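*Asks:* I have a structure I would like to understand better, so I am pasting it below and will then ask my questions one at a time.
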Amino acid sequence: MSRNRGAVPEARAALEQFKFEVANEIGVPLSKGYNGDLTSYQNGSVGGYMVKKMIEAQERLMAGE
């Protein structure tokens, strides 16, 4: 059972889709289900890039773009 709970549970599906889009963008072969064959570096790259893109989006929103 996962202890990771999102701040907005309704966004879970959108974040999951976003994760796969980011993985595809950076060339990480992420698939639905088990991904234990991926390295920590690959998984970390997906998460790190997701955060980077979310921060950029929030900065644009705050700047009024």
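The values are calculated or read from the model by the stated rules, or taken from the named source; none is laboratory data. As the structure is a computational prediction, the values presented were derived from the model and not from experiment. Here Cβ is always computed from backbone atoms with ideal geometry, including for glycine, and neighbour counts include all displayed protein chains. We work out accessible area using only protein heavy atoms, side chains counted, and drop any ligands, DNA or RNA first. Shrake-Rupley method; radii C 1.70, N 1.55, O 1.52, S 1.80 Å.
*Asks:* I need the full set of residues from the range 37-54 which are open to solvent by 90 Å² or more (accessible area, probe 1.4 Å) and either hydrophobic (A, V, I, L, M, F, W, C) or under 11 Å from the mean Cα position of the chain (by Cα) (or both), in order please. If you could, list the steps in order and put the result at the bottom.
*Replies:* Taking the range 37-54 as the starting set, the residues that turn out to be open to solvent by 90 Å² or more (accessible area, probe 1.4 Å) are 37, 40-41, 52.
Selection gives K52 alone.
*Asks:* Shifting gears a bit: Going residue by residue through the range 52-61, is there one that turns out to be of a type in the set (G, A, S) and part of a helix (DSSP H, G or I)?
*Replies:* Here is the first cut: in the range 52-61, the ones of a type in the set (G, A, S) are 57.
If we keep only those that are part of a helix (DSSP H, G or I) too, we end up with 57.
Within the range 52-61, one or more residues are of a type in the set (G, A, S) and part of a helix (DSSP H, G or I).
*Asks:* In the range 19-36, what residues are open to solvent by 80 Å² or more (accessible area, probe 1.4 Å) and under 15 Å from M54 (Cβ atoms)?
*Replies:* In the first step, residues of the range 19-36 are kept if they are open to solvent by 80 Å² or more (accessible area, probe 1.4 Å); the result is 21, 24-25, 29, 32, 34.
Result: E21, E25.
*Asks:* For A11, work out the one condition from (1) assigned to a helix (DSSP H, G or I); (2) at pLDDT below 95; (3) exposed (fewer than 11 other Cβ atoms within 10 Å of the Cβ) it doesn't fulfil.
*Replies:* Only one criterion is unmet by A11, namely (3).
*Asks:* Please work out which one of (1) over 13 Å from the mean Cα position of the chain (by Cα); (2) in a helix (DSSP H, G or I) is the condition K32 fails and give its number.
*Replies:* Result: K32 fails condition (2) only.
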